[in-house]
Amino acid sequence: MSLVIKKSERGTALAIQVLPRASKNEVAGVQGNAIKIRLTAPPVEGAANAALIAFLADALGVAKGRIEIVAGETSRRKLVTILGVTPAEVERRLLGPVA
């Protein structure tokens with residue numbers, strides 16, 4: 001049940017569990033080895049994927065073009081890579097300081 005955020009040749013890779021049609025966009029903790037993210041967008045015609053990329057770009061302070069869904073485009077479980085941010089920085093910015 002440990003979260004996996006790792007350095008990859010394409011940047012930082014992490015697993016995301018998306019919960020679409022939520023009341024607001026937010027990080028909702030960790031589920032298994034993935035970061036759980038609630039999104040207001042419905043899972044139709046790529047709306048949730050676009051919302052996920054916009055949410056991550058804003059939360060991590062990077063351009064949307066530096067974020068790519070590399071697996072799971074039609075699934076709630078996704079593998080995402082982010083260029084220009086270290087795994088430690090991703091964890092800190094999405095989950096806050098770890099005590």
Handout entry: the chain: calculated mean residue ellipticity at 222 nm from DSSP helix runs of at least 4, using -39500 (n - 2.57)
Key = -7000 deg cm²/dmol
Handout entry: Point-charge dipole on Cβ atoms (K/R +1, D/E -1) for region 5-95, about Cα centre, debye to 20
Key = 180
Fill in the blank from the handout: Computed from every Cα-Cα pair in the chain, P(r) in 10 Å bins starting at 0 and rounded to whole percents is 17, 56, 26, 1
Handout entry: Relative contact order, percent, the chain [alpha-carbon distance under 8 Å, six or more residues apart]
Key = 30
Exercise for the section: Any chance you could give the angle, 0 to 90 degrees and rounded to 10, that helix 47-60 forms with the longest Cα principal axis of the chain? Expected result: 30
Completion exercise
Projecting the Cα atoms of ALA28, THR81, GLY11 onto the charge dipole of region 5-95, where Lys and Arg contribute +1 and Asp and Glu -1 at Cβ, the residue farthest towards the positive end is ALA28
Practice task
Could you check what % of the DSSP bridge pairs in the chain are antiparallel, to the nearest 5?
Solution key: 80
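We did not get these values from a lab; they are worked out from the coordinates using the rules stated. Remember, it's a predicted structure, so these values are computed and weren't measured experimentally. For neighbour counting, all protein chains shown are included, and Cβ atoms are generated from backbone atoms with ideal geometry for every residue, glycine included.
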